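This report concerns only the one structure given below.
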Amino acid sequence: MLLSLERWNRATRARAWASASLLAVAACASPPRTAIRAHGPSAASSALMVATAREGTAALAEPPETAMKAQGSQIKWELEAQYTSLAIEAALIHTPRDGQVFTASDWAKSQLRFTLAGLPQLQEAGARVVAKLDHFPPRALEPLGSAQSIDLSALMFEWDELSPGPHWVAVLVSGAPASGTNELSVRCVDFQVSDGADGTRLVAPASRLLVLGPSGTYNGADADTVRLDFALLQTSLEGKHTLSQRLVDVTVREPNGSLQQASLRSGSYRLLGLKSGDYRFELRDAHRHSASEALTITVNRDLERR
């Protein structure tokens, strides 16, 4: 009898030890459910990664809550004027010459010199003339005269200088907006700054984006005057730049991190509903993707204009 009881106790202890071992193995093999949720992407984040991968912007992927904010963006686009080509070549650039090479020491002493054709008609139409160097902000030239000149260094930030390599400068002549259109004439030349090494032959890009605005900081009521103003140029085989009617893909990153996208043609667009914070604009030729520009502006609704 004692022997049977001892055998029964041994069997019970063996079964208990086996059950405990199986539970321990199962616990090691299966991580907690919270760990699975932490490492498994949600449906919203998966959809976002697919969308950004399709757009070629996987590096800019945002968490799902940011993607949902983008759907509630308050920015509204209002077309003020669509650009069309001016019937005449309004500006003729004399210097720098197309393909000219400057040394690192003499470019700062060089000037942009050009003449305007049909000046009386331009003045009567309320035309504006703008000069732009590389990606620096444009500079309006007033008063209008048949012969114009301005130092190249005046078209950039005073603390900057032109690095060795290719550069470009453009003169844009536009009339006063009428019936939702604005005639535009553009002349653009490519030049380069040499560091003493043998220069390479300049080849004009197939397309070029000239962004005239916005730029800088907008305080108080000025935040209601922000305009996206740009022109897309195409280059002929002869190197001549003309206005293109192709679409430009525009992406705006808002202060809350949300993105808004639009496909627009060359023109001036008023932006409504901007809140305080930084706005990042990225523009790209939708057809060739060879021309692109990027800029950032700051909006301070609570500050008065200075």
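The values are calculated or read from the model by the stated rules, or taken from the named source; none is laboratory data. Only a predicted model underlies this, so the values are computations on that prediction, with no experimental measurement involved. Every residue, glycine as well, gets a Cβ built from its backbone with ideal geometry; the counts of neighbours run over all protein chains shown. Side chains included, ligands, DNA and RNA excluded: accessible areas come from the protein's heavy atoms. Shrake-Rupley method; radii C 1.70, N 1.55, O 1.52, S 1.80 Å.
Quick notes on this one:
- The single condition from (1) β-branched (Val, Ile, Thr); (2) at pLDDT 85 or above; (3) under 24 Å from the mean Cα position of the chain (by Cα); (4) open to solvent by 40 Å² or more (accessible area, probe 1.4 Å) that residue 101 fails is (3).
- Qualifying residue in segment 287-299 (condition: touching a residue at least 24 places away in the same chain (Cβ under 8 Å), in contact with a Gly (Cβ under 7 Å, 6 or more places away or on another chain), surrounded by 14 or more Cβ atoms within 10 Å (Cβ to Cβ) and farther than 15 Å from residue 230 by Cβ): yes
- Residues that are open to solvent by 20 Å² or more (accessible area, probe 1.4 Å) and over 15 Å from residue 222 (Cα atoms) within segment 277-286 comprise 280, 282, 284, 286, listed in sequence order.
- Residue, nearest to residue 129 (Cα to Cα), within segment 147-191, restricted to residues that are β-branched (Val, Ile, Thr) and modelled with pLDDT of 85 or more: 173
- Of residues in segment 219-262 being farther than 14 Å from residue 292 by Cα and of a type in the set (Lys, Arg), the one farthest from the chain's Cα centre (by Cα): 240
- Taking the numbered list (1) surrounded by fewer than 16 Cβ atoms within 10 Å (Cβ to Cβ); (2) out of contact with any Asp or Glu (no Cβ under 8 Å at 6 or more places or on another chain); (3) not aromatic (Phe, Trp, Tyr); (4) not in a helix (DSSP H, G or I) in turn, residue 135 passes all entries but (2).
- Screening the candidates 162, 155 for the property of being crowded, with 16+ Cβ neighbours inside 10 Å and farther than 25 Å from residue 85 by Cβ yields one hit, 162.
- Breaking point among (1) more than 12 Å from the chain's Cα centre (by Cα); (2) over 19 Å from residue 82 (Cα atoms), for residue 265: (2)
- Residue match in segment 138-145 (condition: open to solvent by less than 30 Å² (accessible area, probe 1.4 Å) and not in a loop (DSSP other than H, G, I, E, B)): no
- Note on segment 248-276: residues that are part of a strand (DSSP E or B), charged (D, E, K, R) and crowded, with 17+ Cβ neighbours inside 10 Å amount to 2.
- Any hit, segment 277-290, residues being modelled with pLDDT under 85 and under 15 Å from the mean Cα position of the chain (by Cα): yes
- Unmet requirement for residue 88, which otherwise passes all of (1) within 28 Å of residue 245 (Cβ to Cβ); (2) among the β-branched types (Val, Ile, Thr); (3) at pLDDT 80 or above: (3)
- Unique residue being closer than 17 Å to residue 140 by Cβ and surrounded by fewer than 16 Cβ atoms within 10 Å (Cβ to Cβ) when the list is 225, 217, 242: 225
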